[in-house]
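Q: First the structure, which I've put down as C-alpha cells, then a few questions once you've had a look.
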Amino acid sequence: MAFRGKEMMKKLVKKVGAENITPELKEKLKACVPDTKVVMGRAKRGLYAGRHIQYGNRVSEDGGNKSRRCWKPNVQEKRLFSYIFDRHIKVKVTTHALRCIDKAGGIDEYLLKTPYQKMDTEMGLYWKTKVEQRYAELGQMEVAFFTPEDEAKFEQGFKDLNIAKKDARREARRNMYGKKGGEGKADEEASIEGGGSESHQEDVHGWLEAKA
C-alpha cells in the first residue's frame with residue numbers, strides 16, 4: 001500500500017476500533033482503500049459520492065482567450081436519520097450524494113449498497129464499516145415473535161394502564177380542590193351559626209328588660 005493508503009487505513013482502524021473489526025473486513029478495507037487517487041481535503045470529512053473539484057478553461061467570447069478556472073461541488077450540511085443507530089447523523093454531503101441516498105432509500109441502505117472502492121473518503125469508509133458492524137451484531141441477537149393474541153393482550157394492558165393513570169390524576173385533583181371547597185363551606189356555616197346565636201341572645205335580653 002502507498003503512504004496515503006496506509007495513513008487512511010490507520011485512521012479508520014483507530015476510529016472504529018481494532019478489536020471490533022473482523023479479519024475479513026480488515027482485508028476488504030485494505031483492498032479497497034484508494035492509494036493514488038487524489039481527494040481534496042474537505043471531501044475526507046463528508047459524503048461526496050465521487051464529486052470533487054474539476055479544472056478547466058474559461059474561454060472569452062471575443063478572442064477565444066483561455067484562462068484557468070475550477071468548478072467546486074455543491075456541498076450542503078445535512079442531518080440524516082439512521083434507523084440502525086436510531087439517531088441523526090450530521091454530515092456534509094453533495095447534492096449528487098443526496099440524490100443517491102434518496103434513491104437507495106436512506107443513509108443506511110446507501111452505505112450498505114455502495115461498494116468500498118466507490119467510498120473514496122475517510123468518512124464514507126468509516127460509516128460504512130460501522131453500519132456493517134452494527135448489522136452483524138444485530139444478526140447475532142435472538143428475536144422473539146409474539147402471537148396476535150399476545151399482542152392484543154399487550155395493547156389492552158397499555159390501554160388499561162393509561163386509563164388508570166387518568167383516573168388517579170382525576171382523583172388527586174378532586175381530593176385537592178374538593179378539600180379546599182369543603183373547608184370554605186365549613187367556615188361559612190360556622191360564621192352563620194355564630195351570628196345566629198348572638199342575635200338570639202340579644203333578643204332574649206331585650207325581652208327580659210321589657211318585662212322587668
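No lab work stands behind these numbers, since they all come straight from the coordinates. It should be emphasised that the depicted structure is a prediction, and the values quoted were computed from it without experimental measurement. Reconstructed Cβ throughout: ideal geometry from the backbone, glycine too, with neighbour counts over all protein chains shown.
Q: Which of rounded, prolate, oblate describes segment 51-153, given a ≥ b ≥ c as roots of the alpha-carbon gyration tensor eigenvalues and a/c under 1.5 marking rounded, otherwise prolate only if a/b is larger than b/c?
A: On the way: a/c = 4.35, a/b = 3.05, b/c = 1.43.
Here segment 51-153 falls in the prolate category.
Q: Could you derive backbone 3J(HN,Hα) for segment 130-135 from the dihedral phi with the Karplus parameters 6.51, -1.76 and 1.60 (θ = phi - 60°), listing whole Hz in sequence and x where the residue is Gly or Pro?
A: Those phi angles translate into 5, 5, 5, 5, 5, 5 Hz.
Q: In a shell of Cβ-Cβ distance under 14 Å around K165, excluding K165 itself, what net charge do Lys and Arg (+1) and Asp and Glu (-1) give? Walk me through the numbers on the way to the answer.
A: Working: positive: K159, K166, R169, R170, R173; negative: D160, D167, E171.
Local net charge: +2.
Q: Next question. Select from segment 50-115 those chymotrypsin sites (Phe, Trp or Tyr not before Pro) which occupy a DSSP coil region and have at most 12 other Cβ atoms within 10 Å, ordered by residue number. Working shown, then result.
A: Details: sites: Y55, W71, F81, Y83, F85, Y110; in loops: Y83, F85.
Filter output for segment 50-115: Y83.
Q: Also, I was wondering about something else. More than 19 angstrom separation, counting every C-alpha pair in segment 79-135; what % is that? Can you show the working numbers first?
A: Numbers: 258 of 1596 pairs.
Counting every Cα pair in segment 79-135, those more than 19 Å apart make up 16 percent.
Q: What list of ³J(HN,Hα) values in whole Hz, one per residue of segment 50-66 in order, does the Karplus curve 6.51 cos²θ - 1.76 cosθ + 1.60 (θ = phi - 60°) give from phi, with Gly and Pro shown as x?
A: Taking θ as phi minus 60°, the curve returns x, 8, 9, 5, 10, 10, x, 10, 9, 9, 6, 6, 7, x, x, 6, 10 Hz for segment 50-66.
Q: Could you pull out the pairs from K92/K118; K14/K113; K11/K90; K44/K90 whose alpha carbons sit more than 22 Å apart here? Walk me through the intermediate numbers first.
A: Values: K92/K118 17 Å; K14/K113 24 Å; K11/K90 20 Å; K44/K90 14 Å.
Correct reply: K14/K113.
Q: In terms of the Cα gyration tensor, with a ≥ b ≥ c the square roots of its eigenvalues, is segment 50-111 rounded because a/c is under 1.5, prolate because a/b exceeds b/c, or oblate?
A: Prolate shape, in that a/c is at least 1.5 and a/b is the bigger ratio.
Q: In whole Hz and in residue order, list the ³J(HN,Hα) couplings for segment 87-101 that follow from phi through the Karplus curve 6.51 cos²θ - 1.76 cosθ + 1.60, θ = phi - 60°; x for Gly and Pro.
A: Couplings: 6, 8, 10, 8, 8, 8, 10, 7, 5, 5, 5, 5, 5, 5, 5 Hz.
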